[in-house]
């Protein structure tokens with residue numbers, strides 16, 4: 001395939017991804033919204049990769065095949081890296097920009113600084129006075145704006161790549177496209193049950209179920225629905241052919257004493273007692289990779305503390321390759337009933353993850369805030 005043909009195919013993938021995002025996003029596609037750009041980019045990469053792999057036109061790629069790939073970001077990564085590089089797209093983060101496919105992929109996999117300055121409200125630019133010497137007309141390099149200057153709502157406090165944060169959201173766009181194409185039921189649609197144990201009841205669609213066929217790498221469905229029935233506590237799973245549209249949009253009467261007629265049982269019960277400082281410390285030490293940094297004397301002091309407090313100090317990430325994120329938490333223990341600066345015990349925790357969905361982060365402790373920069377650099381080094 002020539003470079004011109006690749007560009008035409010990529011443009012077609014972007015157009016189709018844009019149309020899908022616009023159709024199922026409140027307010028339509030917003031080019032200045034990080035969320036929309038992220039979802040559109042993920043859809044475009046999957047469409048284009050399947051087009052290359054299957055040697056099929058972009059418009060012939062079924063959404064069911066796209067949804068199978070969107071099960072998680074690792075599956076998207078496997079598809080893209082196995083196909084794009086073979087088509088001549090340099091995915092290395094140090095590659096020269098200019099290839100729109102590779103540029104989009106690198107954007108989707110980059111990390112972000114959640115503490116970067118926000119994009120200010122644009123102001124009218126004043127002309128440069130003619131008497132300013134030319135060498136002074138160049139403004140100093142401005143810091144990178146938060147989220148590339150775009151607005152962001154999905155995971156707005158996360159530094160993690162858009163591919164990790166938004167793959168589920170992109171899958172939601174595709175699910176809505178399939179549901180619309182086959183005239184199935186969307187979330188919050190009013191439905192009536194026509195067969196099974198709950199025949200005759202009405203309710204609202206809470207979730208949509210799908211069947212993932214790994215043999216064909218496609219998805220079938222909607223195969224069923226999780227339905228919030230009017231007069232049954234909780235929800236029920238019902239096959240797709242067991243429900244039909246209901247035009248009764250009235251909010252139904254809720255039986256006396258049901259969860260749908262009153263607050264859940266126990267809502268107003270007293271809250272359980274807060275953990276003691278000793279219990280809090282035990283949890284922290286139990287997950288720490290280096291609990292020995294907390295000496296016994298400090299442990300005893302904390303165990304006798306009046307109260308414990310938590311504060312997140314930092315959340316950052318290092319870009320690919322060697323992807324890693326870290327959070328810094330300040331645990332401080334109020335030693336006396338009335339707070340005083342000299343009556344406080346401090347403990348700092350660094351949480352290191354290699355992936356947004358890392359279920360086994362590594363926790364490191366230190367007693368001094370001054371040690372944090374060196375420790376972060378050591379614990380997040382490649383290796």
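The values are calculated or read from the model by the stated rules, or taken from the named source; none is laboratory data. Quick caveat, the model's predicted, so the values are computed rather than measured. When we count neighbours, we look across all protein chains shown, and the Cβ atoms used for this are built from the backbone with ideal geometry, even at glycine.
Here is how the numbers come out for the structure above:
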{"read-out": "Index of the failed condition, residue 79 passing every other in (1) crowded, with 21+ Cβ neighbours inside 10 Å; (2) free of Cβ contacts under 8 Å to residues at least 60 places away in the same chain", "value": "(1)"}
{"read-out": "Residue check, residue 209 touching a strand residue (DSSP E or B) at 6+ places or on another chain (Cβ under 9 Å) and surrounded by fewer than 14 Cβ atoms within 10 Å (Cβ to Cβ)", "value": "no"}
{"read-out": "Selected residue [part of a loop (DSSP other than H, G, I, E, B), at pLDDT 90 or above and under 23 Å from the mean Cα position of the chain (by Cα)] from 160, 168", "value": "160"}
{"read-out": "Qualifying residue in segment 172-192 (condition: modelled with pLDDT of 90 or more and within 30 Å of residue 316 (Cβ to Cβ))", "value": "yes"}
{"read-out": "Members of segment 146-157 found to be surrounded by fewer than 16 Cβ atoms within 10 Å (Cβ to Cβ) and either in the same structural domain as residue 323 (by TED's automatic domain parsing) or part of a helix (DSSP H, G or I) (or both), listed by number", "value": "148, 149"}
{"read-out": "Failed item, numbered, when residue 229 is tested on (1) exposed (fewer than 10 other Cβ atoms within 10 Å of the Cβ); (2) at pLDDT 85 or above", "value": "(1)"}
{"read-out": "Among (1) part of a loop (DSSP other than H, G, I, E, B); (2) within 19 Å of the chain's Cα centre (by Cα), the one test that residue 92 misses", "value": "(2)"}
{"read-out": "Of all residues in segment 315-357 being surrounded by 14 or more Cβ atoms within 10 Å (Cβ to Cβ) and without any contact (Cβ under 8 Å) to a residue 24 or more places away in the chain, the one that is farthest from the chain's Cα centre (by Cα)", "value": "343"}
{"read-out": "Failed item in (1) assigned to a strand (DSSP E or B); (2) surrounded by fewer than 18 Cβ atoms within 10 Å (Cβ to Cβ); (3) in contact with a helix residue (DSSP H, G or I) (Cβ under 8 Å, 6 or more places away or on another chain), with residue 196 passing the rest", "value": "(1)"}
{"read-out": "Selection within segment 295-305 - out of contact with any helix residue (DSSP H, G or I) (no Cβ under 7 Å at 6 or more places or on another chain), surrounded by 14 or more Cβ atoms within 10 Å (Cβ to Cβ) and free of Cβ contacts under 8 Å to residues at least 60 places away in the same chain", "value": "301"}
{"read-out": "Matching residues in segment 158-176 - criterion: being surrounded by 20 or more Cβ atoms within 10 Å (Cβ to Cβ) and closer than 13 Å to residue 67 by Cα", "value": "167, 170, 171, 173, 174, 175"}
{"read-out": "Residue match in segment 233-240 (condition: surrounded by 17 or more Cβ atoms within 10 Å (Cβ to Cβ), under 26 Å from the mean Cα position of the chain (by Cα) and either modelled with pLDDT under 90 or over 14 Å from residue 194 (Cβ atoms) (or both))", "value": "no"}
